[in-house]
Every structure is written in C-alpha cells, then in structure tokens.
Amino acid sequence: MSRRPLPSSQEALRILAEKRTRPQHRPAPPAGKGLAKMLRELDQKFGQGPAALQARWREIVGAEIARRTEPVKLVKGRNGGPSSLEIRVAGPSAAIIQHQAHEILARVNLFLGPDAVQKLRIVQGPLRHVPEPPPPKRRPQPLDAAKEAELAQSLAAAPDGKLKQALLALGRGVLRQQR
C-alpha cells in the first residue's frame, strides 16, 4: 500500500476555501447557568418560602415563640385562595401558640409582605431544631478589699445570722452596680 502524499500548504488553503465544513459541535451550557436567571425571577415574584422563614424565624416571631415553634411549610392558595403557614409546635405549647396566632400572622406578613399568609396551621410534634440553651451565668467579680472592709464595718452592729448574710449580699450587689 502506498501512502498518499499530504497536500502542500497552498493546496490545503484551496481545499479549505472550497469545502464547507460543518460547525464544530459545542456542548450545551450547564443547566445551572440557564436556570439561575429564571430562579432569581421566581424568587423575586414568590419569595423564598419556608426556607427564608426558617433562617430568620427567631427574628420574625421573637425568642420566646421561636423556642417552642418552627415553620414547616408555606402553602399558596389555589386560584387566589388564602395561603397558609404550617408551624410545628412542641407539645403542650400549642394552646399558648394558638392564642398568639394573630400576632404570629402579623409578624410573618410584615416579613413576607402584606397578606402573604392568611391562615396559621398548628401541628403538634417534636421540633427538629434544638432550642438554644440559656447563656451561662457569669459569676460576679468580687469587691476590692477596701470596699469589702467598709461594708463589713457598717454591718458590724447587726447580729450574726441569716439577716446579716442577706444584708452583706445586698450591699455587695449594690456596690458592684455602682462601679
């Protein structure tokens, strides 16, 4: 078998000028790139739903209610019907939350927009998030020796016992606040 000779550069240019080749196949752009614009528009139109509520639930309803509840889902009404927010409530707190339903709806509508939610659906069950523990109590700093001695001297005439100990504790608290 004889090998066919390669064309010269001038012949190659003539061949390329005469022949029309198909355009190079390009892969489709990533789906995320095409969807990002549409998702942004939908997010602006309909909001983020329960994800936005979960992220800022404590700010929206307050620390006391947030400790007992969590948003589960936001259901849009059909054909312009009322939309509802489903919240999960820990056990016996449901009665308390039921009495605060109007306040919760007002706060949620303040966050999502006017009349975004018209009904509140309360479901009893365990919360998924772990309630935050209260901050650790800080031990008060002791008084300096001069103030402690002055306090002890002022209470020297008081009889020893629980009353004197209570007066010492009260005096220490008052002197700490004056700092």
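What follows is calculated from the coordinates using simple rules that are stated; it is not laboratory data. Because the structure is predicted, anything quoted here is derived from the model rather than measured. Cβ coordinates were reconstructed from backbone atoms using ideal geometry, including for glycine residues, and neighbour counts include every protein chain displayed.
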Checklist entry - Where in the range 57-153 are the strands (runs of 3 or more DSSP E), entirely inside, with at least 2 residues that are in contact with a Phe, Trp or Tyr (Cβ under 8 Å, 6 or more places away or on another chain) and farther than 30 Å from Ala169 by Cβ? => result 69-75
Checklist entry - What number goes with the only condition from (1) part of a loop (DSSP other than H, G, I, E, B); (2) of a type in the set (A, V, I, L, M, F, W, C); (3) farther than 17 Å from Leu53 by Cβ; (4) touching a residue at least 12 places away in the same chain (Cβ under 8 Å) that Ala158 does not pass? => result (4)
Checklist entry - Would you call Ala106 under 21 Å from the mean Cα position of the chain (by Cα), loosely packed, with under 14 Cβ neighbours inside 10 Å and small (Gly, Ala, Ser)? => result yes
